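Engineer: Below is one structure. I have some questions about it.
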Amino acid sequence: MKKVKVGTRSVVPSKIVCVGRNYVEHIDELGNEIPENLVIFLKPNSAISEELQSFHEESLHYEGELCFLFEKGRFSAVAFGLDLTKRDLQSRLKVKGLPWERAKAFDGSAVFSPFVPIAAVHPSLALELAIDGGQMQAGDISLMMYKPDTILAEISTFMTLEDGDIVMTGTPKGVGMIKAGEVFTGKVMQEGRVITEGRWRAR
Ligand code: MG
């Protein structure tokens, strides 16, 4: 089973619960409708990778996201995560109303910075993604349609979160294709200070 780093520990998530369409400007950029309910899909443990790939049967697209680790009934740690997506395939699946797993749950489709423990979900939590030093994405909790506490409550109405499970909270605008050789730097900030950071060179 794949692991993620949480402070000085390693944790084995049983699953990754992902939120789709949580930032209005990202919904607009993909031409999607604002959902009536929280959009949720899953990635399995086997999706976790420490490497950033640019290609898996087709070119991959990045989505930078604030990611929370669930332990003992609450979000206990936060990381920057990349929800890698086969956008062309996802578009074809969406048109037919089919599940997204082939486009979202493949091996290596979930990449995380180290998780840093948090006492609570601070409302100032924000993310930034830079590619080759240029900022491509920026977002924070204030821009989310569904805030982390609402997401946790909604998931809990129908699915048990196990200790170590991860929730990816959706991506702000600025998604795009990954090109081999690009250097991705993803950061999480709290009150303007970087609290965790990941850096990957795309393969
Ligand atoms: Mg996403």
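The values are calculated or read from the model by the stated rules, or taken from the named source; none is laboratory data. None of these values were measured; they are calculated from a predicted model. Here the Cβ is made from the backbone with ideal geometry for all residues, glycine too, and neighbour counts use every protein chain on show. All accessible areas refer to the heavy atoms of the entire protein, side chains included, with ligands and DNA or RNA removed. Shrake-Rupley method; radii C 1.70, N 1.55, O 1.52, S 1.80 Å.
Engineer: Going down the list Lys147/Lys173; Lys3/Lys43; Lys43/Lys86; Lys43/Lys72; Lys15/Lys72, which pairs span over 19 Å between their C-alpha atoms?
Structural biologist: Exceeds cut-off: Lys43/Lys72.
Engineer: Tell me the label-point distance for the pair Asp149, Met177, using the 7 Å Cα-to-Cβ offset, in nm and rounded to one decimal.
Structural biologist: Label at Asp149, label at Met177, 4.3 nm between them.
Engineer: With the crude spin-label approximation of a point 7 Å out along Cα→Cβ, what separation in nm comes out for Leu30 versus Arg9?
Structural biologist: Result for the modelled spin labels: 3.2 nm.
Engineer: Just from its helices, what would the mean residue ellipticity at 222 nm be for the chain, if runs of 4 or more DSSP H residues each count -39500 (n - 2.57) and the sum is divided by every residue, rounded to the nearest 500 deg cm²/dmol?
Structural biologist: Here the helix-only value at 222 nm equals -3500 deg cm²/dmol.
Engineer: Using a Gaussian network model of the chain with C-alpha springs under 10 Å, which one of Ser76, Ser142, Ser109 is most mobile by mean-square fluctuation?
Structural biologist: Result: Ser142 has the largest fluctuation of those listed.
Engineer: Sorted by average packing, counted as other Cβ atoms within 10 angstrom per residue and highest first, what order do 153-159, 121-127 take?
Structural biologist: Ranked by mean Cβ neighbours within 10 Å, highest first: 121-127, 153-159.
Engineer: So with the 1.4 Å probe, I'd like the accessible area per residue for the chain, rounded to whole Å².
Structural biologist: 47 Å²
Engineer: With every protein chain left in place, what is the accessible area of Val95 in Å² (1.4 Å probe, nearest 10)?
Structural biologist: 130 Å²
Engineer: What is the calculated FRET efficiency for Arg193 to Met1, with r their C-beta to C-beta distance and R₀ = 35 Å, to the nearest 0.05?
Structural biologist: Working from the Cβ atoms, E equals 0.60.
Engineer: For Arg74 paired with Arg201, estimate the spin-label separation in nm (one decimal), with each label point 7 Å from Cα along the Cα-to-Cβ line.
Structural biologist: Going by the 7 Å Cα→Cβ label model, 4.1 nm.
Engineer: Could you rank Arg21, Arg203, Arg9 by how accessible they are, 1.4 Å probe, largest area first?
Structural biologist: Arg203, Arg9, Arg21
Engineer: Would you tell me the accessible area of Val12, worked out with a 1.4 angstrom probe on the heavy atoms of the protein chains, in Å² to the nearest 10?
Structural biologist: Approximately 70 Å² of Val12 is accessible to the 1.4 Å probe.
Engineer: Additional query: Rounded to the nearest 20 debye, what is the charge dipole size of region 47-203 about its Cα centre when +1 sits on each Lys and Arg Cβ and -1 on each Asp and Glu Cβ?
Structural biologist: Around 400 debye, computed over region 47-203.
Engineer: Kirkwood Rh and Cα-based Rg: tell me the resulting Rg over Rh for the chain, rounded to two decimals.
Structural biologist: 0.92
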